[in-house]
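Asker: One structure is given below, represented as structure tokens, and several questions about it will come after.
The values are calculated or read from the model by the stated rules, or taken from the named source; none is laboratory data. Since the structure is predicted, the reported quantities are computational estimates derived from the model, not experimental observations. Cβ sites come from the backbone with ideal geometry, for glycine too, and all protein chains shown count toward neighbours. Ligands, DNA and RNA are stripped out before the accessible areas are found, and what is left, the full protein with its side chains, is counted by its heavy atoms. Shrake-Rupley method; radii C 1.70, N 1.55, O 1.52, S 1.80 Å.
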Amino acid sequence: MKIWKKAGMLVLACAAGLTFSGCMKAEMGTTIHADGTVTDTQMMMGVPLLQEGIMKEKEKPQPPNTTFKNVSEGNMSGYEKTTEYPDLKSLVSTKTAFAQYKGKNEGIRQRKGWLYDYYTFDMYIEGQGNNKSTRNEEKAIMDAVANQISVKYTLNLPYEYDATNAEEISKDKKTLTWNIWSALMGQDSRHLTAAFKVWHKPALYGAIIVAVIALGSGAFLIVTSGKKLGDEQVKFKRMGLMALAAFVIIGGFTGFTAAVPPALNESDLISTQLDETKNLLEENNPMSAGKKSDPVMPSSIPAPEKSVTSGSRIAYNSSNPDGLFRYYHQCITNHELRSAYNCYSDSFKNSLNYDSWASGYNTTLKSIPQKVSVLSNDGSRAVLTYRLKAVDRDGDSTKTQYFTGQCTLVKADGLWKIDEITAQRA
């Protein structure tokens, strides 16, 4: 991912710190718990030369349920950030590190089932290609500091993995680790892949219990039938055979389902889908702490017009209200309606029924803010005006409409939230 390339600047800074035992250490991790909740962690520390840039991460707006703690190791110090999510989709649908880049990787996919939920990870890091300037001018520096820098991504699972290309695997086959520094600074693109199940223990135990009961009942009835006479013997034997057949069917189906996972496709995608890897959010890049990056602008959203407020990062945790407003409409365009709904304040959510609200976007193809102006912003409450282009499916054709309106946003737990929104046809 090209978001990582800004780390090259830190590499140059590290060259001045080679006399230290280490220059920089970064670790990112995703922990999936047995109950489906997810913990996202990001640890970064470095030598004193890098401290200012590293610690600026703590000054940025953060997602809800985020905590920081200071960490140190030898002459390096920094922070560890932890964010809790209710499920994996809530994490991967808002972070471009997990995105699917069309034609390059499959992103994160999920298929829910009665016995287990099945996941496939295919994260993508784009190499520098054949950039001769980079190779000739920076390769020597990269090689010199390679042993001074450690950047890893770890995926912690509640159960054993099914498949992976991880470089390090724990003995219990639940912790997968990739050392991604060489890929970030190397010439070749790289995939981080894993496939795994999150079992539904009540369903699994229930199937086992039913199968055992069927087996026991069948054996008992067949043995007992030998002590019966005539029609009663036939009846007991028949019931016993039926119970054994039920055991074979239940056991066979459960075993097949457990042994042969489903083949996931595009409809199972839960991560963001992007056309290219050029302009990605910096929130997934611990090495660009303190640096600004360009906002994500999927192909479905045109470049801002000159009259549009510029410089606002489009993200759930944007520091500017118009950045959150644009992210909200980006989610609607991508039909990530749960993420769009989470842009509302609690009071706004309480006035809506989610299912009824979401059904109103069944035919929506695009929701594009073309002009956004900030009327007022006192840091805790902001008012925007906007012009919106809406494209909807209309039978076999499409219908384009334009709206103008006003949106009021409020700060809640350090994040901008939409508290009121009005619209009328332009």
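Asker: Just the Cα atoms of segment 319-426: what Rg and Dmax do they give in Å?
Answerer: Considering segment 319-426 through its Cα atoms, Rg and Dmax are 13.8, 46 Å.
Asker: Give the peptides 320-329, 117-126 in descending order of average Cβ contacts within 10 Å, highest first.
Answerer: 320-329, 117-126
Asker: Compute the Rg to Rh ratio over segment 326-388 from the alpha carbon atoms, using the Kirkwood formula for Rh, and round to two decimal places.
Answerer: My calculation of the ratio gives 0.99.
Asker: Applying 1/(1 + (r/R0)^6) with R0 = 35 Å to the Cβ-Cβ distance of GLN273 and ILE213, what FRET efficiency is obtained, to the nearest 0.05?
Answerer: 0.15
Asker: What is the extension gain from SER373 to SER319, computed as 0.36 nm multiplied by their sequence separation minus the C-alpha to C-alpha distance, in nm to one decimal?
Answerer: 17.9 nm
Asker: At a 1.4 Å probe radius, which order do MET242, MET28 fall into by accessible area, largest first?
Answerer: Of MET242, MET28, the descending order of accessible area is MET242, MET28.
Asker: For segment 316-392, what % of the accessible area comes from carbon and sulfur atoms, probe 1.4 Å?
Answerer: 42 percent
Asker: Now for a different question. Rank by packing, highest mean first: peptides 39-46, 163-170, 150-157, with packing defined as the count of other Cβ atoms within 10 Å averaged across residues.
Answerer: Ranked by mean Cβ neighbours within 10 Å, highest first: 39-46, 150-157, 163-170.
Asker: Give a residue-ordered list of calculated ³J(HN,Hα) values for segment 408-417 (Karplus: 6.51 cos²θ - 1.76 cosθ + 1.60, θ = phi - 60°; whole Hz; x for Gly, Pro).
Answerer: 9, 10, 10, 8, 9, 6, x, 10, 6, 9
Asker: Okay, next question. Could you calculate the contour length gain from SER397 to TYR361, that is, 0.36 nm times the residue separation minus the distance between their Cα atoms, to one decimal place in nm?
Answerer: So the extension gain works out to 11.3 nm.
Asker: Moving on to the next point. Going 7 Å from the Cα of ASN165 toward and past its Cβ, which residues in segment 75-114 have a backbone nitrogen under 15 Å from where you end up?
Answerer: 101, 103-108
Asker: What length, rounded to one decimal in nm, is gained on full extension from SER150 through to THR404, with 0.36 nm per residue of separation minus their alpha-carbon distance?
Answerer: Value of the extension gain: 86.4 nm.
Asker: Still on this structure: Given the pairs LYS174/LYS201; LYS89/LYS349; LYS56/LYS102; LYS81/LYS411; LYS366/LYS417; LYS349/LYS399, which are separated by over 24 angstrom at their Cα positions?
Answerer: Over 24 Å Cα-Cα: LYS56/LYS102; LYS349/LYS399.
Asker: Rank-order 404-411, 256-263 by packing density, defined as the average count of other C-beta atoms within 10 Å over each peptide's residues, highest first.
Answerer: 404-411, 256-263
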